[in-house]
Amino acid sequence: MHRTTREPLRDMEKNNKSKNRREFLQSGVRLSLALALGGVSGLSLSKAIKDDYVWQIDPFACTQCGRCATECVLNPSAVKCVHAYDLCGYCDLCGGYLKPDSNARTTAAENQLCPTAAIERKFIEEPYFEYHINEDLCIGCAKCVKGCTSFGNGSLHLQIIHDICLNCNECSIARMCPSDAIKRVKASEAYNIKGDWTKPTI
Amino acid sequence: MKKLKYILYTFAFLLLTVSVYAQQQRFPKPEFDSGYTQPSTITPEPRALQLEYFDVLILAIFLAVASYLIIKKRSRRGILWLSVLALLYFGFYRNGCICSIGAIQNVTLSFFDATYAVSITALLFFVLPLIVTLFYGRTFCAGVCPLGAIQDLVIIKPLSLPKWLNKTLGLIPYVYLSLAVLFAATGTDFIICRYDPFIGIFRMDAKALMIILGVAMLLMGMFIGRPYCRFLCPYGVLLSWMSRFSKRHLTITPSECIQCKLCSKSCPFDAIDYPTNEKEVVKSGLGPKRFITYALIIPLWIAAGVFVGVKSHTFLSKANPDVYLAELLISQPEVKNDPDNIDVQTFLASGKSMETLVEEAEVIQDKFYTGSMIAGGFLGLVIGMTLLNTVVFRKRQDYEPHKGNCYSCGRCMDYCPVEK
C-alpha cells in the first residue's frame with residue numbers, strides 16, 4: 001500500500017492506462033487462442049468417432065515374418081496364435097504342429113514346431129486330433145501359422161489378444177510389420193478371426 | 001459297367017476337389033461320430049468404451065480440482081497429493097497411455113489421413129487441458145500430468161540455470177513439437193509415444209534403452225527441476241501459449257508483495273521473474289533500437305529455417321519405412337538376394353512392382369518437402385521471437401510467476417510469508 005501512495009497521481013494514471021491497454025491486448029489474444037482451439041477441435045470433431053480404436057492383424061495380409069514375437073512392447077507379446085476351429089481339418093499329420101522334416105511322426109519335443117510347446121494335441125477319434133493353443137505359453141512367433149498356412153487349411157493364425165494388449169497409441173509391431181497387416185480397427189469389431197471374417201475385397 | 005463306375009468316381013472326386021477349393025480348405029472338416037463338440041475361439045473383449053469415457057471424466061475432475069486448489073485454495077499440499085493420485089491413476093494404473101501429450105499426434109493424423117478419424121476420448125484429452133490452461137494457467141502440469149508428477153516428486157536440490165541456457169534449451173520443445181507433427185502428418189511415426197521416457201517406469205517393463213533414459217531423466221530431475229517438462233515436452237509449448245494469456249493465474253502472494261525474495265528461492269524451475277531495475281536496463285543499452293533490429297531480422301530467421309527444412313527433408317523422410325525401403329532397393333539392389341532381410345523379401349513376395357513403391361515413396365517425400373519447409377519456417381519464427389523477447393522491457397514491481405513457464409506447482413505460495 002505504502003508504495004502506491006508515494007507515487008504522484010499522474011504516474012498512477014499513466015500506469016492504469018498502460019495496464020488497461022495490456023489487459024485489452026491480453027483478452028484479445030486469449031479470445032483468438034480460444035477461437036483457434038475451438039476451430040481445431042471443431043474440425044477434428046466433425047470427423048471424430050465415438051468408438052475407440054484397437055490394433056488388430058489382418059490374417060490374410062500376414063506373412064508370418066516372426067516380428068510379432070519380438071517387436072511388441074510386452075514380453076511375451078500380446079500377439080498370440082488363435083485357432084479358427086471351423087477351418088481345421090483335425091489332421092493327424094498337422095503342418096502347424098509337427099516340423100516338416102521330422103524323422104518320425106511322434107509328438108516328441110524335437111518334432112514339434114512350436115518352440116514353447118504351446119500347442120496341445122488331443123485325440124478325438126480315429127484319425128482326428130484337436131489342436132488347442134495354450135495362450136500362456138504362446139509367444140506369437142507364427143512358426144505354426146506358417147506351417148499351417150503352407151501345408152494345411154490356415155486355421156491357425158495370429159491375432160492381438162485384447163485383454164493383454166496395452167493398446168499403445170501407435171503399435172510398435174505395426175511400425176515394423178513388413179506387410180502392413182496390423183491396422184487400427186474399431187473396438188466394437190476387435191477381432192479378425194478367419195472363417196467369421198473374410199478377406200476384404202478392395 | 002466297371003468303367004462307368006470309375007468315370008463316375010473320378011467325376012465325384014473332381015467335384016469334391018472343386019468344392020474344397022471354393023472353401024479354400026485343403027482338408028475338409030471331418031464329421032465326428034463320437035459326439036465331439038468343437039470349442040469356440042476365445043476372443044477376450046478390449047477395454048470397455050465406458051472405461052475410456054471414465055478416464056476423460058477423471059481428467060476433467062482432476063483439472064477442476066487442480067485449478068480450485070491453486071487459484072482458490074492456494075494449497076501446495078493439496079496439489080501435491082492430487083499429483084500423486086494422478087501419477088497412480090494415469091501413470092501406474094493406465095500405464096501412461098492415453099495422455100494429452102501423445103494426443104497431439106492423433107489430432108494431427110486425423111487432419112492429414114482421410115481414413116483416420118480421431119476418437120472422442122483422444123480429442124478430449126488433447127483439448128480439455130488447453131481450455132483449462134486458457135482460464136487458470138498450467139494447473140494441468142501441476143496436478144494432472146503423470147509425467148510432471150513423477151518428476152516433481154524427485155526434486156531434491158534444484159539448481160538454478162543461467163537465463164541464456166534456460167532460453168536456449170527451451171527451444172528444444174519447439175523442435176520436438178515440429179518433428180512430432182511432421183512425422184504424424186506424414187503417417188510415419190508417433191515419436192512422442194515412442195520416446196516417452198517414463199512409460200517404461202509406468203509399465204515396469206520396457207526395452208533397456210527406454211528404462212535407462214527414464215531413470216537418467218529422473219536422476220537429472222533431482223538437480224534440474226522437471227527436465228522433460230522444461231526442455232522436451234511438446235505439449236508444454238501449446239500449454240505455455242495458452243497460459244501466457246490465461247484469464248487468471250496463480251499469484252505468489254495472497255495480497256501485497258513485501259519483496260522478501262523467499263519465493264524466488266523456492267521455485268525449482270526458474271519461472272519467477274524479478275522486479276525490474278530500470279537503471280540497469282538503461283545501462284545495458286537494451287532499447288528501442290535493438291528491438292527494431294531484432295524485429296527486422298525475424299524474416300531472415302524464417303528464411304534460414306525454411307532453407308534448413310528444405311535441405312533436411314530427404315534425411316527426415318528416411319524415417320518413413322516406405323521411403324527407406326525404396327531408397328534401399330535403389331541404392332543397393334543386391335539386398336534382393338539377402339534372404340534375411342524380411343522387409344525386402346516381403347516386398348518381393350507381395351508382387352508389388354518397383355514402380356508403385358517408388359511412386360508411393362515419392363508422394364511421401366513430397367509431403368516431407370512441404371512439411372519440413374513449414375516446420376523450418378516455424379522454428380525460424382520461434383527463434384526470432386525468442387531473441388526479440390530478450391530485449392522487450394516489461395515493468396515489474398514485484399516478484400511474479402512467468403505465466404508461460406510456471407507449472408502452478410504452488411511452492412512459491414507455500415513459501416510466501418504474507419498472510420491474507
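The values are calculated or read from the model by the stated rules, or taken from the named source; none is laboratory data. Nothing here was measured: the structure is a model prediction, and the numbers come from that model. Virtual Cβ from ideal backbone geometry, glycine too; neighbours counted across all protein chains shown. Side chains included, ligands, DNA and RNA excluded: accessible areas come from the protein's heavy atoms. Shrake-Rupley method; radii C 1.70, N 1.55, O 1.52, S 1.80 Å.
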If you take the charge dipole of the protein assembly as shown about its Cα centre, with +1 on Lys and Arg Cβ and -1 on Asp and Glu Cβ, which of B:L250, A:Q56, B:I212 is farthest toward its positive end? B:L250
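Just to verify a number: FRET efficiency for B:I292 and B:R394, C-beta to C-beta distance, R0 = 22 Å, to 0.05? It would help to have the intermediate numbers written out before the result.
Numbers: r = 17 Å, r/R0 = 0.79.
After rounding to 0.05, the efficiency reads 0.80.
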Summing -39500 (n - 2.57) over every DSSP H run of at least 4 residues in chain B and dividing by its residue count gives a helix-only mean residue ellipticity at 222 nm, to the nearest 500 deg cm²/dmol, of -19000 deg cm²/dmol
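Starting with the highest mean, order A:65-73, B:120-128, B:33-41, B:297-305 by the number of other Cβ atoms within 10 Å, averaged over the residues of each peptide.
Numbers: A:65-73: 20.6, B:120-128: 22.9, B:33-41: 10.8, B:297-305: 16.3.
Ranking the peptides A:65-73, B:120-128, B:33-41, B:297-305 by packing returns B:120-128, A:65-73, B:297-305, B:33-41.
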Accessible area (Å², 1.4 Å probe, nearest 10) - B:V306: 50
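Which of B:K73/B:K403; B:K167/B:K247; A:K143/A:K183 have a Cα-Cα distance over 23 Å? Spell out each step's value before the answer.
Values: B:K73/B:K403 19 Å; B:K167/B:K247 25 Å; A:K143/A:K183 21 Å.
B:K167/B:K247, as the Cα separations exceed 23 Å there.
Figure the gain on full extension for A:L31 and A:K17 (residue separation times 0.36 nm, minus the Cα-Cα span) and round it to one decimal in nm. Intermediate values should be presented prior to the final figure.
Details: separation 14, 0.36 × 14 = 5.04 nm, distance 2.11 nm.
My answer for the length gained is 2.9 nm.
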Rounded to a whole number, the Stokes-Einstein D of the protein assembly as shown in µm²/s (Kirkwood radius over Cα pairs; 10 °C; 1.306 mPa s) is 56
What FRET efficiency, computed as 1/(1 + (r/R0)^6) with R0 = 25 Å and r the Cβ-Cβ distance, is obtained for B:S255 and B:K72, rounded to the nearest 0.05? 0.95
Springs between alpha-carbon atoms under 10 Å, Gaussian network over chain B: tell me which of B:A216, B:A103, B:A375 tops the mean-square fluctuations. B:A216
Where in chain B are the helices, taken as whole DSSP H runs, whose Cα atoms extend 24 angstrom or more along the long axis and whose Kyte-Doolittle mean reaches at least -1.0? B:2-22, B:49-67, B:298-317, B:354-390
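For B:F198, B:F307, B:F231, write out the residues from largest to smallest accessible area, computed with a 1.4 angstrom probe and no ligands counted. Mind dumping the intermediate values first?
Numbers: B:F198 0, B:F307 130, B:F231 25 Å².
I get B:F307, B:F231, B:F198, largest accessible area first.
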Of the range B:291-311, those with amide N under 13 Å from the point 7 Å along the Cα→Cβ vector of B:Y369 are B:310-311
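In square angstrom and rounded to 100, what buried accessible area do you get between chains A and B, total over both, with the probe at 1.4 Å? Don't jump to the answer; show the numbers that get you there.
Details: alone 13870 and 25370 Å², together 33470 Å².
Summing both sides, the interface buries roughly 5800 Å².
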So what are the three principal axis dimensions of chain B from its Cα atoms, in whole Å, longest to shortest? 120, 54, 35
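Considering only protein heavy atoms and a probe of 1.4 Å, how much of the accessible area of chain B is carbon and sulfur, as a whole percent? Walk me through the numbers before you get to the answer.
Details: 14900 of 22500 Å².
Roughly 66 percent of what the probe reaches on chain B is carbon or sulfur.
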Considering every pair of different Cα atoms, what Kirkwood radius, in Å, is found for the range A:53-189? 15.3
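About its Cα centre, what dipole magnitude does the protein assembly as shown give when the only charges are +1 on Lys and Arg Cβ and -1 on Asp and Glu Cβ, stated in debye to the nearest 20?
On the way: 66 positive and 53 negative charges, 711 e Å.
The dipole magnitude comes to about 3420 debye.
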So if I place +1 on the C-beta of Lys and Arg and -1 on the C-beta of Asp and Glu, and nothing else carries charge, what would the dipole magnitude of the range A:53-189 be about its Cα centre? I want it in debye, nearest 20. 400
Once the in-chain neighbours fewer than 8 apart are removed, the lysines whose Cα is under 16 Å from B:K311 read B:K367
Taking the 0 to 90 degree range and rounding to the nearest ten, how far is the long axis of helix A:9-45 tilted relative to the main principal axis of chain A, both from C-alpha atoms? 20
Report the relative contact order of chain B, percent, no decimals, based on alpha-carbon pairs under 8 angstrom and at least 6 residues apart. 22
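Percent relative contact order of the range A:53-189, based on C-alpha pairs within less than 8 angstrom and at least six residues apart? Mind dumping the intermediate values first?
Working: 243 pairs, mean separation 58.5, N = 137.
Contact order relative to length: 43 percent.
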